[in-house]
Amino acid sequence: MELRLDLPTKTTDLSGKQLQLVSWLFLQGYSETEFLLKAFMHLSGLRLITDRDPEADGARWYKHRSLKRPFVLDSELLAEMSKRCGFLLKPDEFHPLPWIRKARARHFRLYNASFEEYLMAENFYLAYVETKADEHLDNLIACLYRPIWQRWNASKIQQRAKRFRSADPAIKNTVFMWYVGFRTYVPKRCKTLFTPGKKSKRPFHPREYINGMIHQLNNGDITIKDKLMKQPAWDALDELEQRAIDHELAMENK
């Protein structure tokens, strides 16, 4: 018999229950080593059943569903094995919890979201990163989750955010993790849009850059802003990407 550990290998492999667990671990403020060890133990199903074995220096008895009998693991070997959970520490895409408080999540890449939903999510995400105020996280959740009978209405976001105020912090944090992961994907698809100009010495601010490109999209005509906000998020982002490419080519040909 051998120990068989079935572990996720990427963030999108996490089940809803595993996602909540990882979210909870992030909130505990563990060191990197502690986090990896605890994540490995939980995700692998490895269970400590005794304290140190007096006959095995630095080793303890464990149990796992793949083996009928308990076994001894050296602490150094366990620490090495826990590095298999290192992918959790790298920003990447997550599949969100399908439902929170009877509200359903948008597509994990926001394929079913409007451009306005994306821009508002960006605003609340950046506000939460800067302030760590729960109200901004609640607003972000309200942007990304809503009951299936409700239509998008930007003016009601703060009102709808109230339903998430008392949700479990670990559940709310999964939404933050999801959006962080989503933001790692956008620059991969819109490489030119999210790359600062080579000659620019100013810090690159994605939102500021997008605002400038939106101005180009509507060609200064504010009367079409509502139409622009209602179009699918990725239609707008792809158009902005093409505008950025055209602008870069024009600059190179000068």
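Here the 3J(HN,Hα) profile of the stretch 151-158, calculated from phi with Karplus coefficients 6.51, -1.76 and 1.60 at θ = phi - 60°, is 8, 5, 8, 4, 6, 9, 4, 5 Hz, Gly and Pro shown as x. Which pairs, out of Lys10/Lys68; Lys132/Lys225; Lys17/Lys156; Lys38/Lys63; Lys10/Lys83; Lys83/Lys188, put more than 24 Å between their alpha-carbon atoms? Going by Cα-Cα distance, Lys10/Lys68; Lys132/Lys225; Lys17/Lys156; Lys83/Lys188 fall outside the 24 Å limit.
Seen through its C-alpha gyration tensor, with square-root eigenvalues sorted a ≥ b ≥ c, the stretch 93-139 comes out oblate because a/c lies at 1.5 or above while a/b is not bigger than b/c.
Taking R0 as 45 Å, what FRET efficiency do you get between Asn153 and Leu7 from their Cβ-Cβ distance, rounded to the nearest 0.05? Approximately 0.60, to the nearest 0.05.
Classify the stretch 11-89 as rounded, prolate or oblate, taking a ≥ b ≥ c as the square roots of the eigenvalues of its Cα gyration tensor: rounded when a/c is under 1.5, otherwise prolate if a/b is larger than b/c and oblate if not.
Details: a/c = 2.32, a/b = 1.64, b/c = 1.41.
Here the stretch 11-89 falls in the prolate category.
Taken together, the values in this text are just the output of simple stated rules run on the coordinates, not laboratory data. Only a predicted model underlies this, so the values are computations on that prediction, with no experimental measurement involved. When we count neighbours, we look across all protein chains shown, and the Cβ atoms used for this are built from the backbone with ideal geometry, even at glycine.
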